[in-house]
Amino acid sequence: MKLLLSQLITEALATLHRAEQLPVTATEVRIERTRDRAHGDFASNIALVLAKTARRKPRDLAELICQTLPTSAQIERVEIAGPGFINFFLAPAAYHAVIDTVLSQAEHYGRSTAGTGRKLQIEFVSANPTGPLHVGHGRGAAVGDSLARLLATQGWQVSREFYYNDAGQQIHNLTASVHARLQGLTPEDGAWPVDGYRGEYISDVAAAYQTGETVVADDRQVTAQADPTASDAIRDFAVAWLRREQDHDLHAFDVRFDHYFLESSLYTQGKVEDTVARLITQGFAFEHDGALWLRTTEFGDDKDRVMRKSDGGYTYFLPDVAYHVDKWQRGFQRVINEQGADHHSTVTRVRAGLQALGIGIPPGWPEYVLHQMVTVTRGGEEVKISKRAGSYVTLRDLIDEVGRDATRFFFVMRKVDSQLVFDIDLARSQSLDNPVYYIQYAHARICSVQRQLGEKGLSHDIADGQAHYSTLTAEHEDQLMVLLARYPEVLQAAAEQLEPQLLAQYLRDLAQGLHTYYTAQQFLVEASGLRNARLNLITAVRQVIRNGLELLGVSAPEVM
RNA sequence: GCGCCCGUAGCUCAGUUGGAUAGAGUGUCGGCCUCCGAAGCCGAAGGUCAGAGGUUCAAAUCCUCUCGGGCGCGCCA
C-alpha cells in the first residue's frame, strides 16, 4: 500500500513537472502510517519537503498535488491537513482485504521473500564452558534467537553459531578446579586453585567424572575415564559436562544452534598463523618490546594492539580476527555478533584487523548488536548470588522460577542498548501487571470463543464472513484491521533495525486492540453474516498473535 | 582522563529510523461481571522529553557542550 501511494504521488509530481508547474523532478516519496486515525491511514510530507525548492507554500503545493493525483479504488479520499501533510483515507475494501490475506497466508503472513537465498550468520551466547549460563547470556540468547527468527522472515538464510574456547586459560582453571575437587579439596581450602571456580557445579562435575558417566552435549560426547590424575581426560569431560548444562538451559529456552565453533580449531588448522603471516606481509605489523603489534590505529582504533606477546603466545585479538576471516570465507554476506556491551572494545579492533588484511571485507563488517547489562531484582532488592554458580544469577534460576515464556519476553521487550532490570516478582505474577500473560490471554480468549461456537452447535463459515465484511463498521474493528495490516511492516522494521522490542511492543498493542474489542462487542451474535465476519477478523488476530509470539520464542496457549 | 551506551509521568519503559495535540503498563482515585474467560474493559489525575545552545518548514529524535548513571580503557578472555 505504501508503494502504491508512493507511486501515485510520483506520477502526480511527474505530471506537474511536465506542465512546468514544478521545477524539480521526482524525489524519493516516503509514505508513513499516521499516528492518529483522524489523519487517515497514511500520510505524505512531500509537500513540506518540496516547498522550498518549488518556491510555493506547502499547503498550496499539497493542493496542487492532490488535484493531479491519479484516482485509485483503494483510496476513499485524500485530505490536506496541518502544515501541508497529504492524508490518505483507504476504502473499506482495502481494509477487508487484509483479513483474507492473513487467513490465506496463515503462518506465512508477514513474511517477505526480499532476501531470498542470501546467507547470514548470527553468532550469540558464545559462552565459555566454565560455568552455567548467567542472566546476561539469557538476554543474549533471547535477543540473538529472536533476531535470527526475524531475519529469516525477511528471506535471509540464517545460520546460528556458538563460538567457544575449549583450550585456553579459563579451561585450564576449570580443569584445575575439578582436579582439586577430585583430590578431596573444597573451595574453602587454602590449597584450592587461586583462579579456580567455586560454584557447586564443580562438585557435580567431579562426582560424574568419578562414576564414569557419559555426557552428551549438542556438539560433543565424552565418557569419563574416572582417573583422578588424567588432566586431559578431566578437561575433556568437564567441558562436555558444562556444554551439556548450557544446552539444557538453551533447549529450555527453545534456542538451538546450527554450528559450534572451537577456538582451538583456529590453531590446529593453522588459521591463526595464516592470519599473522598475512598481516605481516600487508605491512601493518611491527615489533616492539619483544612483542608483535598491529597498527590498528590506521583503521580507527585509539591505540595499536599486541598480537603476539613477548612470551610467544597470542592475545585473544588474533584468534578473533582469524575467526572472522573464517566466517568471511564461508560466504556470509552479513555476519551479526550479539554480545554483552562489556565487549564493545573488540568491535573496532576486530574490524581494524580485518581491514588490515586487505582481503576485500567491507569496513562495517561484521555488524554488532551489543546488549546492556541485566540486573535482577526480587522484592525490590537486587539479587546477585546464585548457589548454583557461586557468584552470579543463572539463566536456569530465572527459567525455573518464572518460566520460559516470561523470561524470553522480558529479555526482548526492551531496547537492547538500555540496561534491563529484570523484576522477578513481576515476571512471576500471573496477573494484571504481566505483559506476557496479557498477550497470551488475548490468544486464549479467541480460542475460547471458537470453542464456545462449537458448544452452541454453530460453525464458522469463512466464505459467509467474507461476504459480510461491510458489517464490520465498529471503531474497534477498524483499528484491529489496521493493526493486522501493520504486522508485515513491523517485522521488516524489527529485522532491519535489529530491534526485536518493536515486535514485542506491537504484540502488546494488538492484544490490547483485541481485549478492547472483546469487551465492547459480542462475537457470537444471532446474525450469521456479522457473526462470521467477526469470526474471520478475530481468527486473523489469533493467527498474527501466534506468528508474532513464535518469533519471540513465546508459546501461544489455547487455554490458560 | 578518554571511548561507547543510557537519561521521557511517582516507578518500569515505548515512541513507526526528523512530523501533526508526547504514549503504554504499573501505582493512585472512580466506574463495568444475569451477557463469548474480570489474567479483562472504560474514565480521571500525572510531563521543563536531564539542562543549555545549534541545525530547519518541523527536534524526545540530528550536532556541540554541561550534569547524572552504566560499561569499557591489559603483552586477560
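Some notes on this structure:
- Residue check for A:Tyr392: under 27 Å from the mean Cα position of the chain (by Cα) and within 30 Å of A:Ile202 (Cα to Cα): yes
- Residues satisfying the stated conditions in the stretch A:287-303, i.e. in contact (Cβ under 8 Å) with a residue 12 or more places away in the chain and either part of a strand (DSSP E or B) or open to solvent by less than 40 Å² (accessible area, probe 1.4 Å) (or both): A:Ala291, A:Leu292, A:Trp293, A:Leu294, A:Thr296, A:Asp301
- Inside the stretch A:336-346, residues that are farther than 18 Å from A:Arg295 by Cβ and either among the hydrophobic types (A, V, I, L, M, F, W, C) or within 10 Å of RNA strand B (Cβ to nearest atom) (or both) make up a count of 7.
- Of the residues contained in the stretch A:14-21, none is found to be open to solvent by 60 Å² or more (accessible area, probe 1.4 Å), within 12 Å of RNA strand B (Cβ to nearest atom), at pLDDT below 90 and in a helix (DSSP H, G or I).
- Filter pass, A:Glu107 being assigned to a loop (DSSP other than H, G, I, E, B) and either open to solvent by 20 Å² or more (accessible area, probe 1.4 Å) or within 12 Å of RNA strand B (Cβ to nearest atom) (or both): no
- Members of the stretch A:498-526 found to be more than 9 Å from RNA strand B (Cβ to nearest atom) and more than 19 Å from A:Glu475 (Cα to Cα), listed by number: A:Leu498, A:Pro500, A:Leu503, A:Leu507, A:Glu526
- When A:Ala341, A:Ala322 are checked against the criterion of being within 31 Å of the chain's Cα centre (by Cα) and touching a residue at least 60 places away in the same chain (Cβ under 8 Å), a single residue qualifies: A:Ala341.
- Any hit, the stretch A:113-128, residues being under 30 Å from A:Ala38 (Cα atoms) and touching an Asp or Glu at 6+ places or on another chain (Cβ under 7 Å): no
- Residue selected from the stretch A:249-265 under the condition part of a loop (DSSP other than H, G, I, E, B) and not basic (Lys, Arg), by the criterion farthest from A:Leu398 (Cα to Cα): A:Asp258
- Of all residues in the stretch A:307-354, those that are polar (S, T, N, Q) and not in a helix (DSSP H, G or I) total 5.
- Residue count for the stretch A:177-207 under the criterion of being under 37 Å from the mean Cα position of the chain (by Cα) and surrounded by fewer than 20 Cβ atoms within 10 Å (Cβ to Cβ): the result is 6.
- Candidate set from the stretch A:427-440 (those that are farther than 17 Å from A:Gln501 by Cα and more than 8 Å from RNA strand B (Cβ to nearest atom)); member that is modelled with the lowest pLDDT: A:Ser429
- The number of residues in the stretch A:38-81 that are open to solvent by 20 Å² or more (accessible area, probe 1.4 Å) and more than 9 Å from RNA strand B (Cβ to nearest atom) comes to 21.
- Of all residues in the stretch A:22-37 being within 30 Å of A:Thr101 (Cα to Cα) and surrounded by 15 or more Cβ atoms within 10 Å (Cβ to Cβ), the one that is farthest from RNA strand B (Cβ to nearest atom): A:Val29
- Conditions (1) free of Cβ contacts under 8 Å to residues at least 60 places away in the same chain; (2) in contact with a strand residue (DSSP E or B) (Cβ under 7 Å, 6 or more places away or on another chain); (3) open to solvent by less than 60 Å² (accessible area, probe 1.4 Å); number of the one not met by A:Val416: (1)
- Answer residue from the stretch A:323-335, given it is open to solvent by less than 20 Å² (accessible area, probe 1.4 Å) and out of contact with any helix residue (DSSP H, G or I) (no Cβ under 7 Å at 6 or more places or on another chain) and is nearest to RNA strand B (Cβ to nearest atom) among those: A:Lys327
- Looking only at the stretch A:502-513, residues that are under 17 Å from A:Val143 (Cβ atoms) and either open to solvent by 20 Å² or more (accessible area, probe 1.4 Å) or of a type in the set (Val, Ile, Thr) (or both) come to 2 in all.
- Given (1) surrounded by fewer than 19 Cβ atoms within 10 Å (Cβ to Cβ); (2) within 16 Å of RNA strand B (Cβ to nearest atom); (3) of a type in the set (D, E, K, R), number of the condition A:Glu263 does not satisfy: (1)
- Filter pass, A:Ala93 being surrounded by fewer than 16 Cβ atoms within 10 Å (Cβ to Cβ), more than 16 Å from RNA strand B (Cβ to nearest atom), in a loop (DSSP other than H, G, I, E, B) and not hydroxyl-bearing (Ser, Thr, Tyr): no
- Filtering A:Ala51, A:Ala38 for residues that are assigned to a helix (DSSP H, G or I), modelled with pLDDT under 90, in contact with a Pro (Cβ under 7 Å, 6 or more places away or on another chain) and not charged (D, E, K, R) leaves a single hit, A:Ala51.
- Scanning the stretch A:169-200 for residues that are part of a loop (DSSP other than H, G, I, E, B), closer than 14 Å to A:Leu242 by Cβ and within 16 Å of RNA strand B (Cβ to nearest atom) returns a single hit, A:Tyr197.
- Taking the criterion of being among the aliphatic types (A, V, I, L, M), more than 12 Å from RNA strand B (Cβ to nearest atom) and touching a strand residue (DSSP E or B) at 6+ places or on another chain (Cβ under 8 Å), the only residue of the stretch A:366-388 that qualifies is A:Val383.
The values are calculated or read from the model by the stated rules, or taken from the named source; none is laboratory data. Here the structure is a predicted model, which means the values were calculated and not measured. For neighbour counting, all protein chains shown are included, and Cβ atoms are generated from backbone atoms with ideal geometry for every residue, glycine included. Surface accessibility is based on the protein's heavy atoms, side chains included, excluding ligands, DNA and RNA. Shrake-Rupley method; radii C 1.70, N 1.55, O 1.52, S 1.80 Å.
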